[in-house]
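Before any comments, here is the structure.
Only the coordinates and a few stated rules stand behind these numbers; no lab work does. No experiment lies behind these values; they were computed from the predicted model shown. All Cβ positions, glycine included, derive from the backbone under ideal geometry; neighbour counts span all protein chains shown.
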Amino acid sequence: MPAKPLIRLARQAFPHRNELATAGDRVEGAVLAFGLAVSLLAVPVAGAVGSEVYATDRTRVAVEQAGRHQVDAFLVEDAPPVIGPGERGGVVETTWARARWRLPDGSAREGAVQARFDAPAGSKVPIWVDENGGVSTAPLTAEGAGINAVILGLLLWAAVTGAMALLHLVTSWTHRRVRARRWAAEWRRVAPEWTGR
């Protein structure tokens with residue numbers, strides 16, 4: 001059963017053996033063959049791009065892992081109360097609140113951190129800080145770098161394949177319109193002989 005769609009695809013891509021194929025059929029077949037070739041060639045290109053992104057992100061992983069540290073911050077004020085479920089929608093679980101934390105060198109810092117709604121003052125909140133002691137995001141991990149590379153490679157391949165599919169669809173649509181106009185013109189020419197009108 002799976003062979004039938006492949007046979008149909010091959011006949012559409014290479015209509016030169018069909019005696020009834022028009023120039024438009026051949027153009028449509030050439031665009032389909034071109035699109036398939038470009039889509040297949042995009043696989044190693046997307047892999048190379050993903051590999052390059054991974055190599056770049058691995059450098060970023062090393063820098064961020066060395067420059068960021070996790071410390072415990074303690075809230076100096078109560079976190080805002082929970083907003084009604086209709087307004088919150090159950091999606092946001094944290095809010096900004098003022099907190100104080102100590103750096104590895106012993107110096108203290110204060111600033112806004114993400115904390116649970118309704119967290120009382122004095123609650124411990126783990127945060128990431130950069131080399132200057134400011135609040136930062138968690139460092140990128142090797143797994144995160146790999147996921148970024150795979151996703152970017154797949155998106156690149158999907159974009160190229162989608163563009164080729166769109167090109168084929170536009171070509172096919174245009175070919176059908178041209179063929180319908182030609183048939184209509186031919187029918188207008190021969191209809192009086194067949195119908196007597």
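Before moving on, here are some points about what is shown:
- Here the simple spin-label model places points 7 Å from the Cα toward Cβ, and for A30 and R188 these points are separated by 2.9 nm.
- Karplus-based coupling profile of the range 99-104, in residue order and whole Hz: 8, 10, 9, 10, 7, x, with θ = phi - 60° in 6.51 cos²θ - 1.76 cosθ + 1.60 and x standing for Gly or Pro.
- R0 of 22 Å, Cβ-Cβ distance V71-V150: FRET efficiency to nearest 0.05: 0.10
- Look at the alpha carbon pairs under 8 Å that are at least 6 residues apart: their mean separation over the length of the range 38-197 gives a relative contact order of 30 percent.
- For the range 69-136, the equivalent ellipsoid built from the Cα gyration tensor has semi-axes of 25, 12, 8 Å, listed from largest to smallest.
- Evaluated over the range 20-145, the Cα radius of gyration and Dmax, each in Å: 25.8, 85
- Mean separation of Cα contacts under 8 Å, 6 or more apart, over the residue count of the range 98-178: relative contact order %: 15 percent
- Test item: Cα-centred dipole of the range 69-136, Lys/Arg +1 and Asp/Glu -1 on Cβ, debye: 80 debye
- Full-stretch length increase - V82, L169 - with 0.36 nm per residue and alpha-carbon distance subtracted: 26.2 nm
- Residues with amide H under 5 Å from that of A73, placed H, sequence gap 5 or more: V125, I127
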